[in-house]
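Structure, as structure tokens:
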Amino acid sequence: MKTLVIHPEDRSTDFLKPIYENVSDATIIHGGVSKTQIKQLINEHDRIYMMGHGSPSGLFSCAKFGGDNDYSGFIIDHTMVEELSSKECIFIWCNADQFVTKYNLKGLYSGMFISEVGEAYYCGLPGTSQSTVDTSNDSFARWMGENANMALNEIYHNTMDNYEVLAMDNPVADYNAQRLCLAE
């Protein structure tokens, strides 16, 4: 299976790298290509990982992508839906669930995903420590990565089995686990 990883370079999302560091036959894109090139790459691959910061409208480009006179601020947005609709997709960004639902896409995806202390406060978890956030982030990425070469349902279930155990003692993991979904 040919895998494309789109993870805009951003130090605040480096914790996600273990998700794809052991993926077989992967093309990893951190920036430097246009949306037209991304569309072509999507067409050439079977599984597409998209991760970083985002919104219900898509995955932010974090100013790492260019060309095509596109100033929308997104590298993955409504213009990619047709290409993504026939692919095995993993959407890991805040509120990716709204993007997936709006466009009736399939795959593994996150809702609001706490990855920073400020987001924990925003999501109703005041007093959350950096250590609690780091444990949730690092554990999630490690478990996803351990299963990265499996079928999507196995990635999801194996990750959730571990994440839900952590969630018993980690409120960030609890919040995030409730917002990790699979639509087949």
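The values are calculated or read from the model by the stated rules, or taken from the named source; none is laboratory data. This one's a predicted model, so the numbers in the text were calculated from it and none came from an experiment. In this analysis, Cβ positions are derived from the backbone assuming ideal geometry, glycine residues included, and neighbour counts consider all displayed protein chains. Areas reflect the complete protein model, heavy atoms only, side chains present, ligands, DNA and RNA absent. Shrake-Rupley method; radii C 1.70, N 1.55, O 1.52, S 1.80 Å.
Taking every DSSP helix (H) stretch of at least 4 residues in the chain, weighting each as -39,500 (n - 2.57) and dividing the sum by the residue count yields a mean residue ellipticity at 222 nm of -10500 deg cm²/dmol.
Decide, for segment 127-184, between rounded, prolate and oblate: order the square roots of the alpha carbon gyration tensor eigenvalues as a ≥ b ≥ c, take rounded if a/c falls under 1.5, and otherwise choose prolate if a/b is larger than b/c, else oblate. The partial results should precede the final answer.
Details: a/c = 2.58, a/b = 1.82, b/c = 1.42.
Taking the square roots of the gyration eigenvalues as a ≥ b ≥ c, segment 127-184 is prolate.
What angle do you read, to the nearest 10 degrees and between 0 and 90, between the alpha-carbon axis of helix 35-44 and the longest principal axis of the chain? That works out to roughly 80 degrees.
In segment 129-184, the portion of solvent-accessible area held by carbon and sulfur atoms comes to 44 percent [1.4 Å probe, whole percent, DNA, RNA and ligands not counted]. Largest to smallest in accessible area, the residues Val172, Val117 fall in the order Val117, Val172 (1.4 Å probe, all protein chains included). Stretched out straight at 0.36 nm per residue, the stretch from Lys106 to Arg142 would grow longer than its current Cα-Cα span by 10.7 nm.
Order Leu125, Leu180 by their accessible area, 1.4 angstrom probe, all chains in place, largest first.
Working: Leu125 35, Leu180 5 Å².
Result of the area sort, largest leading: Leu125, Leu180.
Exposure check, 1.4 Å probe, all protein chains in place: Tyr121 carries approximately 120 Å² of accessible surface. Solvent-accessible area of segment 11-89 (1.4 angstrom probe, protein heavy atoms only): carbon and sulfur portion equals 45 percent. Take Ser86: with every protein chain present and a 1.4 Å probe, its accessible area is about 90 Å². For segment 44-184, the square roots a ≥ b ≥ c of the C-alpha gyration tensor eigenvalues yield an a/c of 1.5 or more together with a/b not exceeding b/c, which makes the shape oblate. The candidates Glu116, Glu44, arranged from most to least accessible area with a 1.4 Å probe in the full protein assembly, appear as Glu44, Glu116. At an R0 of 35 angstrom, the distance between the Cβ atoms of Val81 and Ser129 translates into a FRET efficiency of 0.35.
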